[in-house]
Amino acid sequence: MSTQPHSHDLENLKSQHKVLAEYHFGLKPVERGYNHRTLYVNLSTNEIKEKPVSEDMRVKFTGGKGFGMKLLWDAVKDDTRWNDPENEINIATGPIGGNTNYPGSGKSLVVSLSPLTGIPIDSNVGGYFGPYLKFSGFDALEIQGKASDETIVYIDGDKGLVQILAAPGEAVDSHVVAEQLICMFAESEAGRRHVATVSAGRGSDHTFIGCLNFSLWDLRRKVARLKQAGRGGIGTVFRDKKLKALVVKFSGLAGDSNHPADLETLQKTGLKLHQEIIANDASQCRMREIGTAHLVEIMDAYDLLPTKNFKYGNHPDSPKINSHEIVKYITQGLPDGCWYGCTMACAKVADGFTLQTGPYAGQKVSVDGPEYETVGGCGSNCAIFDPAAIIETNFYCDTYGIDTISFGTLVAFLMECWENGILNKERTGGLDLTWGNWRDSMELLHQMARGEGFGLIAGKGVRQMKKYFAEHYGADPKFLQDIGCECKGLEYSQYVSKESLAQQGGYSMALKGPQHDEAWLIFMDMVNNQIPTFEDKAEALYYFPMFRTWFGLQGLCKLPWNDVEPPDNAETDEPAKVPEHVQNYVDIYNAITGLKLDKHELIRQSERVYNLQKVFSLRLGKGSREGDKPPYRMMGPVTVEEYESRQERYDLQLRDKVKVDPLGKSTLEKLQIMRQYREQQYEHLLDAVYKRKGWTREGVPTVEHLQKIGIAYPDVVAVVERHLR
Amino acid sequence: MKYLKTYEDRCIGCERCMSVCSLAFFKEDNPAKSAIQVVPKDGGGFKLVVCNQSYRNCVSECPTQAISISKQGVVLINKKLCVSCYSCVAACPIHAMMRHEGGLYPFKCVACGACAKECPADALEIVQEEHA
């Protein structure tokens, strides 16, 4: 990333552009967080138009993921699949998004139908695109249709211009194309900060685990940095539409670009959190020093760091990849926020990293991350305990447009299949997928980018591979189901949930698939025992998914909510909710919009979008109770070796919880008794959570509930009525 | 390095410096808009809060590189680049990066010396030296 493209190369690339369609729009400032219009682009027909945001849409769906979900709901049919032209990629920040005062306020929310799950996926990502899009003039961007050739969509928020451009020349890999386009569309070197891109990579062309890279121009490093909308294969949809990139330019960012109703409250609340972060972060989460990778040793200590495909939660070699090792690669002392004004600054960078493999071998690059999820997924879960290998995987996943979480989880699955003889060199085309073999894991990644060999099979994700290995290699489908860590088709993110029933639910009931952004309850449940009963767990699995959904409606990051806490938080009534920070959110929402929200209405805003998303899955023929069940690996020990590795714990549980004497029983017998117990517990949990959410035992929102929360639209009600019959 | 040196033991708390400063930079006599703040101490005497141009946490914390150091060593804010996030305000260990209600941009002492000229107690002085 350190070598910028030459200007004559850029001229050459630009000269190959052909304007396929053009649209001029009136410049209009944002008022109280909204521009009150969205931008629609159809790549099949080259239609570009703006749509007004109705009062009903604003009130009911708020913004961000809510707008993305509603636009998608209106755009697709009941039988639309991810690669049908009517599928969309919708990008929006929210009303709070783009403010420069409150840390974590620059997120874009991306919504699409996922190739992995067939249902709506949503992904929350940093970088400058979403805020610049809104300040350019649009609360959301809706991209439908499929281009016939490589295409760029360019939005110029300074001039009021949208173009669809045929763009045959630019690279596909993100770290190259982002710099090409930022340098090409910026007026000057100083103006590069005003240009932001969205792109995928060659890996998105050939896999179902494609991600999107949202750029930010790094003033100090003078490189394009990349933040990922990772989950669910949106990069795959992007490339299927023959999109090479989205580009937005907006030069007018100011401290009041949202034109808030109450600037003073916004500024004061933001400043209060800045001060809290600067004062406390070093002794709390060390986000400013190392970002989310600080979690590695904590998870390892609590037996939660996924190791060998989630078999175990710690490993003697994990100190080799903990934050004290990763930090040696990370540049210190720079304001590494993914949006302006984020003093949490967790978007860390390994600068001057020399690549060892692949098409960019030998080049020195700046790599965003690695985040905790990447260390867990591409490191410990595959028994790879080499920071350089993890950073190399991180770099290539990003530039190829591949989700590090899905990649890590699927390689871990492959390595366990290898261990069990389901895979061998003949079947992998020569790859040796022994635990810890990072070079062959890297080669698999390069195959995904080239669209070759075993990479093509692996790139379809764990769910497809389970089927493939059973059909082609005669593997036991039950064993594959037990160890293949996906739910609804999406690979799990990187926490061991075996000992927390609430987290098993938090993962597996998550609407889009098992990502921890809906709920992370392991400490509340397993460590602190604050939610002992089914009702307690159900309440937590109601409140936290709703509360956390709200970040996605607003264009916010979750991290400044509870990855820093006021020093007196532990003495509050509900420390897990971080009450002072909840009030901050209420205050900044009201300050920007001029509305009078309280913390209860905040939950109601989420509940509308959450239930629309649930009904959306039902509408597409998914969303059943069966789909909310995890593979057993995420619930308990699958194998004898797993049981025996923690025999004392499990024997104790058999005695105390299951009321069965383990003495004299074989491990296999104990495994079966434990499994029956845990699966039963999970069914009870499903019942309790569905009830609390206002759903039937089958997980269908009732009409009364839809009426109560205000989304009983005829087409929404029609879907649930089909399922209630 | 050029900076405003303070002698707190000489300060009589008249706040003349605050008037001079706010008049010079905001064209109004308003203590909330002064880049030097006179704060009464518990038990008597006054604390003078003003940039000593030396910590410079604001420079490294600024996400837009709007804060730089002049040839004379004075920390300056370029409003054209500033997006008013106030990271700098929070980062200053001596609270010398200021903001005021109704304003967008942070502000600070630029060592112009106007206050020092007017101080009746000789509690302020522009100096060109390294900090001891």
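The values are calculated or read from the model by the stated rules, or taken from the named source; none is laboratory data. Nothing here was measured: the structure is a model prediction, and the numbers come from that model. Here the Cβ is made from the backbone with ideal geometry for all residues, glycine too, and neighbour counts use every protein chain on show.
Observations
- Helices (runs of 4 or more DSSP H) contained in the range A:245-317 and holding at least 2 residues surrounded by fewer than 22 Cβ atoms within 10 Å (Cβ to Cβ) and of a type in the set (Phe, Trp, Tyr): none
- Within the range A:353-457, helices (runs of 4 or more DSSP H) holding 2 or more residues that are of a type outside the set (Phe, Trp, Tyr), in contact (Cβ under 8 Å) with a residue 12 or more places away in the chain and surrounded by 20 or more Cβ atoms within 10 Å (Cβ to Cβ): A:372-378, A:387-400, A:404-419, A:438-450
- Residue match in the range A:245-258 (condition: among the hydroxyl-bearing types (Ser, Thr, Tyr) and either out of contact with any Phe, Trp or Tyr (no Cβ under 6 Å at 6 or more places or on another chain) or within 14 Å of chain B (Cβ to nearest Cβ) (or both)): yes
- With respect to the conditions (1) over 13 Å from the mean Cα position of the chain (by Cα); (2) more than 22 Å from A:Leu266 (Cα to Cα), B:Val110 lacks only one, and its number is (1).
- All told, A:Gln163 falls short of being assigned by TED's automatic domain parsing to the domain that holds A:Glu22 and within 30 Å of A:Gly459 (Cβ to Cβ).
- The number of residues in the range B:11-36 that are under 13 Å from B:Cys119 (Cα atoms), in contact (Cβ under 8 Å) with a residue 60 or more places away in the chain and surrounded by fewer than 16 Cβ atoms within 10 Å (Cβ to Cβ) comes to 2.
- Count of the range A:466-488 residues which are buried (at least 23 other Cβ atoms within 10 Å of the Cβ) and either in a loop (DSSP other than H, G, I, E, B) or assigned by TED's automatic domain parsing to the domain that holds A:Val125 (or both): 3
- Verdict on A:Lys49 being outside any helix (DSSP H, G or I), out of contact with any Ser or Thr (no Cβ under 8 Å at 6 or more places or on another chain) and either free of Cβ contacts under 8 Å to residues at least 12 places away in the same chain or of a type in the set (S, T, N, Q) (or both): no
- Restricting the range A:648-663 to residues that are under 35 Å from the mean Cα position of the chain (by Cα) and not hydroxyl-bearing (Ser, Thr, Tyr) leaves a set whose member that is surrounded by the fewest Cβ atoms within 10 Å (Cβ to Cβ) is A:Arg649.
- Candidates B:Gly45, B:Gly73 - the one that is at pLDDT 95 or above, small (Gly, Ala, Ser) and surrounded by 15 or more Cβ atoms within 10 Å (Cβ to Cβ): B:Gly73
- For A:Lys272: the one exception among (1) closer than 30 Å to A:Ser497 by Cα; (2) outside the structural domain of A:Glu486 (by TED's automatic domain parsing): (1)
- When residues of the range A:329-352 are limited to those that are of a type in the set (Phe, Trp, Tyr) and closer than 18 Å to A:Gly106 by Cα, the one surrounded by the most Cβ atoms within 10 Å (Cβ to Cβ): A:Trp339
- Some residue of the range A:40-60 being surrounded by 24 or more Cβ atoms within 10 Å (Cβ to Cβ) and within 26 Å of A:Pro714 (Cα to Cα): no
- Candidates A:Leu652, A:Leu618 - the one that is assigned to a helix (DSSP H, G or I) and free of Cβ contacts under 8 Å to residues at least 40 places away in the same chain: A:Leu652
- Residue match in the range A:606-618 (condition: surrounded by fewer than 16 Cβ atoms within 10 Å (Cβ to Cβ) and at pLDDT 95 or above): no
- Any hit, the range A:579-592, residues being surrounded by fewer than 21 Cβ atoms within 10 Å (Cβ to Cβ), hydrophobic (A, V, I, L, M, F, W, C), closer than 27 Å to A:Cys342 by Cβ and assigned by TED's automatic domain parsing to the domain that holds A:Gln530: yes
- Members of the range B:96-132 found to be modelled with pLDDT under 95 and acidic (Asp, Glu), listed by number: B:Glu129, B:Glu130
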